[in-house]
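Have a look at the structure below before the remarks.
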Amino acid sequence: MLRTHTCGELTLRNLGQTVTLCGWLQRSRDLGGMTFIDLRDRYGITQLAFNMETNPDLCMFARKLSREFVLQIRGTVTERSSKNTKIPTGEIEIVAENITILNEAKTPPFTIEDNTDGGDDLRMKYRYLDLRRNEVRKNLELRHKVSIEIRNYLNKLGFIEIETPFLIKSTPEGARDFIVPSRMNQGEFYALPQSPQQYKQLLMVSGFDRYFQIVRCFRDEDLRADRQPEFTQIDCEMSFITQEDILQTFEGMTKHLFINVMGLELETFPRISYTDAMKYYGSDKPDIRFEMKFVELNSLLKGKGFGVFDNAELVAGINASGCAEYTRKQLDELTDFVKRPQIGANGLVYIKYTTEDEFKSSVDKFYSQDDLKKVAEAFNAKVGDLILIMAGAEEKTQKALCELRLEMGNRLNLRNNSVFSPLWVIDFPLFEWDEETKRFYAKHHPFTSPKPEDIPLLETEAQKVFANAYDLVINGVEIGGGSIRIYDRQLQNRMFKMLGFSEQEAQNQFGFLLDAFEYGAPPHGGIAFGFDRLCAVLGGVDSIRDFIAFPKNNSGRDVMSGSPSCISKEQLEELGINITIEN
RNA sequence: GGUCCGGUAGUUCAGUUGGUUAGAAUACAUGCCUGUCACGCAUGGGGUCGCGAGUUCGAGUCUCGUCCGGACCGCCA
């Protein structure tokens, strides 16, 4: 070992000991007669002291060292005459007797500090330097802790972790696959898994009744702050269980993580149906850290001569409590916000509850004070409240109102990242109709089982069929989702038929799974959690990038290594691949 | 595929109506300083204003194109 201690552990208890430390030079302060150096490793910072009177040669040497040099120093733990209460080692310093430069370093392109001066792009290019920073290191430490606690919890319950292949068969359903060419089978391709879905179901057929895997998954779709082309799932599956068992088990896991990683005890998770989530929050992943539920106003506001409302499929609003004081400018800002192309609302109507029995609204021409009062009552509004109303086609209005609700939540500081509000969203519809291709798609995936009572409606009223599917949402972020699967070959065939698969197509793509179902598949179901997202939510940030050691940028590039990149002609030839670039 | 924002010193940014030699902070270098801990003080070096074209007597500033980065919509079973 090149060191006897780390830079984070020495205190007054170690006074007088001769120690050897290794680390990076964080900063040096040259006072002329003496010089101080902060030595940093992942455990902390320890101050080194050099004195011109007692050891002039070493002091002169120390003055010449620059940031991020890798040093080994031997010295004596000494009490400081002026202490730093901000760090754990702040009461001591090392009076150095010997320094070895283990490696020199160029001046880094940005400062290795909590508040670095580096921009995102630069930090990604020099990610190995960025990872030296406390903030990013802490995120990865949190991630590690979460993964350990997941394994502890699931292991205790008898789950076993089994690895499944990364080079698998491509299937057209769902996200776009990442494709890997096969050299030995030219013209043929593997796909990287979007999730180990089919393999984990096969493991159930094999009798591993409690499986999990913390596993990388790949989706070739456009990125976001919370979406990477490769990301990590906590993938789980159980046999001989009901939906209730899954919810209990994984609510338990989530609580276990919060207690053991965050020191927070969570209440029982509320549950809401998909239908109600859409009705009250306009989203299947509502942020319930704050109320501000939608109130439907069709019966109160339609038919009074205001065309926009009269012709709307849905008129609904939210109560921004205490915002009646909003100025014209603030209301215009909100209107602009909902009119942005990404939201695309036509406008925003407000009602200010200014004083007892007095309302001011942007639609005073069409509604009496009495009409407005009834609206206020529908919201349980009080004096000082601001009611914001939108109207139009149902889905679009819900979506726009959802964005407005979240925006108001932000403005009113109701979305505190150290508060955690989990909930289960249950009873999803089984299908989703796609106008473009004129066909049904599986809302979850094609192996999701319909509610037993809805099975007779499969072929006749597919849009009314609900699924045994569920999502875990925390603070408006979809953390996990799963379903009870179909384990009956006949029902699976009916499902594929609804999704527009011929028997032959289904057999081609999923034949191995369908065949397996004929050899005694147990009733089973599961769930998968977005591990990166879970960590980001626990860490209280929106972007998952800082919880991934080496993430990709917005365009799917790794700006540090320069991937993706072209490959050589020889490589292409070996694979039997010709590149044609369209313009 | 689309919308919006950004690109100026190593870095983070400012740069007025198009007008003299493009600034600040920080980093870096040098010197001074014996209790600093974001040390302080002084001095200094550091610029293809992303790239290309255009308008103009004159472009960091205006126009078009392009590249790069970020946020979002579509997409993400």
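Values in this text are rule-based calculations from the coordinates and carry no lab data. Not measured: the values here are computed from a predicted model. As a convention, Cβ positions derive from the backbone with ideal geometry for all residues, glycine included, and neighbour counts pool all protein chains shown.
Points to keep in mind about this one:
- Neighbour counts of C-beta atoms inside 10 Å place A:Ile87, A:Ile234 in the sequence A:Ile87, A:Ile234, starting with the fewest.
- Column: log10 I(q)/I(0), Debye, Cα scatterers of chain A, q = 0.05, 0.09, 0.12 Å⁻¹: -0.32, -0.92, -1.24
- Rounded if a/c under 1.5, otherwise prolate or oblate - the stretch A:289-377, Cα gyration tensor axes: rounded
- Exposure proxy for A:Leu575, A:Leu31, A:Leu401, A:Leu334: other Cβ atoms within 10 Å of each Cβ, ordered fewest to most, give A:Leu31, A:Leu575, A:Leu334, A:Leu401.
- Highest mean packing first, where packing is the average number of other Cβ atoms within 10 Å per residue, the peptides A:280-287, A:343-350 line up as A:280-287, A:343-350.
- Per-peptide average of other Cβ atoms within 10 Å, ordering A:289-301, A:261-273 highest first: A:289-301, A:261-273
- Stretch gain in nm, segment A:Ile567-A:Ile148, where the contour uses 0.36 nm per residue and the Cα spacing is subtracted: 147.0 nm
- Residue by residue, the stretch A:256-262 carries 3J(HN,Hα) couplings of 4, 5, 5, 5, 7, 9, 9 Hz when phi is fed to the Karplus relation 6.51 cos²θ - 1.76 cosθ + 1.60 (θ = phi - 60°); x denotes Gly or Pro.
- Were the residues from A:Lys374 through A:Glu574 laid out at 0.36 nm apart, the gain over their Cα-Cα distance would be 64.6 nm.
- For A:Thr275, A:Thr249, A:Thr89, the sequence from fewest to most other C-beta atoms within 10 Å is A:Thr275, A:Thr249, A:Thr89.
- Prolate/oblate/rounded call for the stretch A:331-425, Cα gyration tensor, a/c under 1.5 rounded: oblate
- Taking 0.36 nm per residue of sequence separation and removing the Cα-Cα distance, the A:Met60/A:Thr437 pair yields an extension gain of 128.2 nm.
- Mean residue ellipticity, 222 nm, helices only, chain A: the sum of -39500 (n - 2.57) across DSSP H runs of n ≥ 4, divided by residue count and rounded to 500, is -8000 deg cm²/dmol.
- Packing-based order for A:209-221, A:466-478, A:497-509, using average beta carbon neighbours within 10 Å, highest first: A:466-478, A:209-221, A:497-509
- Here the stretch A:77-92 is scanned for amide nitrogen atoms under 14 Å from the site 7 Å beyond the Cα of A:Arg3 along Cα-to-Cβ, giving A:89.
- Of the cross-linked pairs A:Lys200/A:Lys451; A:Lys304/A:Lys374; A:Lys302/A:Lys365; A:Lys329/A:Lys365, those separated by over 19 Å at the C-alpha level are A:Lys200/A:Lys451; A:Lys329/A:Lys365.
- If R0 is taken as 56 Å, the Cβ-Cβ distance between A:Asn346 and A:Ser418 corresponds to a FRET efficiency of 0.90.
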